[in-house]
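Participant: Sharing a structure, written as structure tokens. Questions coming.
The values are calculated or read from the model by the stated rules, or taken from the named source; none is laboratory data. Bear in mind that the values here come from a model prediction, so they are computed numbers and not experimental data. Neighbour counts are summed over all protein chains in view; Cβ atoms, including those assigned to glycine, are modelled from backbone coordinates with ideal geometry. Quick note on the areas: whole protein, heavy atoms, side chains included, nothing else; ligands and nucleic acids left out. Shrake-Rupley method; radii C 1.70, N 1.55, O 1.52, S 1.80 Å.
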Amino acid sequence: MEVVGEIWGEVLGTQAPPTQAVRWVCALVALVVVALPGSWRRSRVVVTVAHEGAHAVVAVLCGRRLDGVRLHRDSSGLTLSRGRPRGPGMVATAFAGYPGPALLGLGAAALLADGRALAVLWLAVLLLAGLLLWVRNAYGLLAVGLSLALVAAVSWWAEPRWQSAAAHAGTWFLLLGAVRAAVELGRDRRRERGRTSDADVLARLTHVPAPVWVAVLVLLTLGAAALSARLLLA
């Protein structure tokens, strides 16, 4: 019990923040990874994990029955839940996906601004472990399992300065990746793809045009990134 208490104290405690230069490097590295097509194609699944996790959490909170989550090699995903086909719960569940990574990044930025990098990492471990229980396909298990193992390893074995840098870089990646994913949603719809996208589901549920929902999602992710930048780079 004493060891558990020490670990819990470290998780809830504060760590020395990285230098301003390190913070900028973390932001620039994340920006490069998100901006370059090749690296974005390989890393986008991380944003998809957060996207589908947000669908799953909101579905459960709205009283829907969660059947499972699937993640695919093309970085797409699917969250299946059962309940009323219409109504506020279904709207909230459909809406949650794209803001999910951005709001998760905003929450992480608030913790990092308070010097709680280890808390950010362990929160990620807990969320990934919870999502792993609901993944229903092999690639999804691999993607979430590897992400969980990597974050857990950094949380447990890395030096505090590397833990802080990893938490900052991961937070920036979620924030910037959320913006790019929302922008790509609008681009794919203009190319006559994505008619089963979250925006189209929301349009059918609310009778508000899908382009309006795309604009809302882009503005929301941009807003979360801007607020987080003030916290992370202050």
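Participant: Estimate the FRET efficiency between residue 74 and residue 16 by the formula 1/(1 + (r/R0)^6), using the beta-carbon distance for r and 35 Å for R0, to the nearest 0.05. Before the final figure, lay out the partial values.
Facilitator: On the way: r = 41 Å, r/R0 = 1.16.
For R0 = 35 Å, the calculated efficiency reads 0.30.
Participant: Given +1 on the Cβ of Lys and Arg, -1 on the Cβ of Asp and Glu, and no further charges, what dipole in debye does the chain carry about its Cα centre, rounded to the nearest 20?
Facilitator: Roughly 1020 debye for the chain.
Participant: Moving on to the next point. What's the angle, to the nearest 10 degrees (0 to 90), between helix 117-132's Cα axis and the longest principal axis of the chain?
Facilitator: So the helix axis and the longest Cα principal axis differ by about 40 degrees.
Participant: What's the FRET efficiency of residue 158 with residue 191 using the Cβ-Cβ distance as r and R₀ = 41 Å, to the nearest 0.05?
Facilitator: That pair, residue 158 with residue 191, gives E of 0.45.
Participant: Could you give the angle, 0 to 90 degrees to the nearest 10, between helix 160-190's Cα long axis and the longest principal axis of the Cα atoms of the chain?
Facilitator: The helix 160-190 is inclined about 10 degrees to the chain.
Participant: Calculate log10 I(q)/I(0) of the chain for q = 0.09, 0.10, 0.18 Å⁻¹, where I(q) comes from the Debye formula with a single equal point scatterer on each Cα and nothing for solvent.
Facilitator: Treating every Cα as an identical point scatterer, log10 I(q)/I(0) equals -0.38, -0.47, -1.41.
Participant: Something else: Among rounded, prolate and oblate, which fits the stretch 80-200 when a ≥ b ≥ c are the square roots of the eigenvalues of its C-alpha gyration tensor, a/c under 1.5 means rounded, and a/b larger than b/c means prolate?
Facilitator: prolate
Participant: Now for a different question. Relative contact order, percent, of the chain when contacts are C-alpha pairs under 8 Å separated by at least 6 residues? Spell out each step's value before the answer.
Facilitator: Details: 319 pairs, mean separation 64.8, N = 234.
So the answer I get is 28 percent.
Participant: Could you put 190, 116, 65, 23 in order of accessible surface area, largest first, with the 1.4 Å probe and the full protein assembly present?
Facilitator: Correct descending sequence by accessible area is 190, 65, 116, 23.
Participant: Another question, then. Under the rule a/c < 1.5 gives rounded, and otherwise a/b versus b/c splits prolate from oblate, where does the stretch 132-234 land using the Cα gyration tensor? Intermediate results must be reported in sequence, preceding the final value.
Facilitator: Numbers: a/c = 3.20, a/b = 1.53, b/c = 2.09.
Note, shape of the stretch 132-234 comes out oblate.
Participant: Can you tell me the accessible area per residue over the chain, all protein chains present, probe 1.4 angstrom, in square angstrom?
Facilitator: Result: 53 Å² per residue.
Participant: Taking all protein chains in place and a 1.4 Å probe, what share, in percent, of the accessible surface of the stretch 45-172 do carbon and sulfur account for?
Facilitator: Here carbon and sulfur together make up 69 percent of the probe-accessible area.
Participant: Same structure, new question: Using the alpha-carbon atoms, what tilt in degrees (0 to 90, nearest 10) does helix 99-113 show relative to the longest principal axis of the chain?
Facilitator: 20
Participant: Can you give the FRET efficiency to the nearest 0.05 for residue 36 and residue 91, using r as the Cβ-Cβ distance and R₀ = 45 Å?
Facilitator: On the way: r = 35 Å, r/R0 = 0.78.
Once the sixth-power term is evaluated, E becomes 0.80.
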